[in-house]
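The values are calculated or read from the model by the stated rules, or taken from the named source; none is laboratory data. Just so it is clear, the model here is predicted, and its values are computed rather than measured. So basically every Cβ, Gly included, is an ideal-geometry build from the backbone, and we count neighbours across all protein chains shown.
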Amino acid sequence: MSHDLMLLKVFMTSIILNIMMPDGNFIKITELFTNGDHGNKKNDYLCIKKMKLFLINIATSVLLFLSKIRKKVTFNNIADFLEGITNSLRKKPQPLHIVISDPEGIAVAKEIHCYDIKEMYREPKNMPGLCPVCHNTIEKIPNLDYYTSTDKDIAITYDGFYIVRDRFKLFCEKQGYEGLRFVPLKKSLRHFYFMPEKIFQMDKETTVTMHQGEPCSVCGNYLWTGTGGHKIFSAIRWGEEDDFILRTEEFYTDKYCKSPLVIIGLKTARLMQEYGLKGFFFSDVYYKSEQN
Ligand SMILES: [Zn+2]
C-alpha cells in the first residue's frame with residue numbers, strides 16, 4: 001500500500017472511530033472490541049491490539065492537524081512513522097513469509113483497483129467452484145441472478161467477482177481486446193460478470209507473494225494469499241503504447257473471496273480515462289531491469 005493510501009485509510013478510520021465514540025468511554029470501547037466477552041485470552045489480546053490501533057489513530061489525527069497548521073510534519077514521515085508502528089503490531093499474530101523491501105523498477109503497466117459492492121453469494125456454502133476441503137476458490141462461477149445498481153464502470157463484489165457496466169464492455173469491444181469474458185446478469189441488465197482470460201506474465205522472483213496457513217492437500221491453495229501491498233513486477237518490459245487487459249494467474253486474498261488482479265497497459269489506462277470510464281483507479285506495475 002502506498003504511503004498516501006495508507007495515510008488516507010488510517011485517517012478515515014480515525015474519523016469514523018471518533019464519530020462513533022465521541023466521549024472516549026474506554027469501558028464501552030473495550031466491550032465493542034471484544035464483543036463483551038472478557039476473560040478470554042485471545043479476546044484480551046485482540047482488545048489490547050485494537051486499543052493500540054485506536055490510540056494510534058487518534059495520534060495520527062493530531063499529527064495531521066499539527067502538520068496542517070505548522071507545515072513542519074510532512075505526509076511522508078507521518079506515513080513512515082505509522083508504517084513502523086503498524087508493522088510492529090502485526091508481528092505477533094502473523095505467520096507470514098519474510099518480507100523483503102521493494103526493489104526499484106520502472107512503471108510498465110497498471111493494476112486496476114475497484115470498489116467493493118454487495119457479495120454475489122449470500123451464503124458462501126452455496127458458492128460453486130470451491131475446493132471441497134479448504135473452500136478456496138478454484139474457479140469463479142457467477143450467480144446469474146445477482147442484482148446490482150452500481151454506477152461504477154468496474155467494481156468487485158465482497159466475494160471477489162468483477163462486475164462491469166455496459167459502458168466498460170462497449171469500450172473493450174471498440175478497442176477489440178481479446179480474451180475477455182462478459183457474462184450477462186439476468187436481473188442487472190446493464191451489468192456483466194467480467195473476467196480477463198489471458199494471463200499477465202508476472203516476475204515471480206521479484207514480486208513478493210505472502211501466504212498464510214498451510215497449503216491445502218487437495219487444491220494446493222493457502223488460506224490467504226497476497227502481495228502485502230508490495231510492488232507487482234512484470235516479466236515483460238511493456239512500453240507506453242502497449243494496449244491490453246490481462247489477469248494474474250494467481251488468485252489473491254481470502255478463501256472463497258479470492259480473485260485475480262486485473263493488469264492493463266499504460267495506453268489502455270489512458271484510453272479508459274479518455275473514454276470517460278469512472279469509479280475505479282490504477283496503481284503502477286513495475287519492471288526490474290539490470291540497470292535499476
Ligand atoms: Zn483446497
Residue within region 171-189 that is in contact with a Pro (Cβ under 9 Å, 6 or more places away or on another chain), on the phi < 0 side of the Ramachandran plot and acidic (D, E) present: no
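For (1) aliphatic (A, V, I, L, M); (2) assigned by TED's automatic domain parsing to the domain that holds F281; (3) part of a loop (DSSP other than H, G, I, E, B), each residue gets a yes or a no:
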{"residue": "L144", "(1), (2), (3)": "yes, yes, yes"}
{"residue": "K152", "(1), (2), (3)": "no, yes, yes"}
{"residue": "K169", "(1), (2), (3)": "no, yes, no"}
{"residue": "Y177", "(1), (2), (3)": "no, yes, yes"}
Complete set of residues in region 135-183 that are more than 16 Å from the ligand (Cβ to nearest atom), among the charged types (D, E, K, R) and closer than 12 Å to S259 by Cα: D159
Unmet requirement for K267, which otherwise passes all of (1) modelled with pLDDT under 95; (2) out of contact with any Leu (no Cβ under 8 Å at 6 or more places or on another chain): (1)
Candidate set: region 245-264, residues that are modelled with pLDDT of 95 or more and among the β-branched types (V, I, T); chosen: the one nearest to D116 (Cα to Cα): V262
Conditions (1) aromatic (F, W, Y); (2) within 13 Å of K110 (Cα to Cα); (3) within 16 Å of the ligand (Cβ to nearest atom): number failed by W224: (2)
Whichever residue in region 117-134 is charged (D, E, K, R) and in contact (Cβ under 8 Å) with a residue 40 or more places away in the chain and, among such residues, is nearest to the ligand (Cβ to nearest atom): E119
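In region 201-221, how many are more than 16 Å from the ligand (Cβ to nearest atom) and either outside the structural domain of T268 (by TED's automatic domain parsing) or among the charged types (D, E, K, R) (or both)?
3
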Yes/no for I236 being among the β-branched types (V, I, T) and either within 16 Å of the ligand (Cβ to nearest atom) or more than 28 Å from R167 (Cα to Cα) (or both): yes
Residue among F281, F251, F244 that alone is more than 16 Å from the ligand (Cβ to nearest atom) and surrounded by 15 or more Cβ atoms within 10 Å (Cβ to Cβ): F244
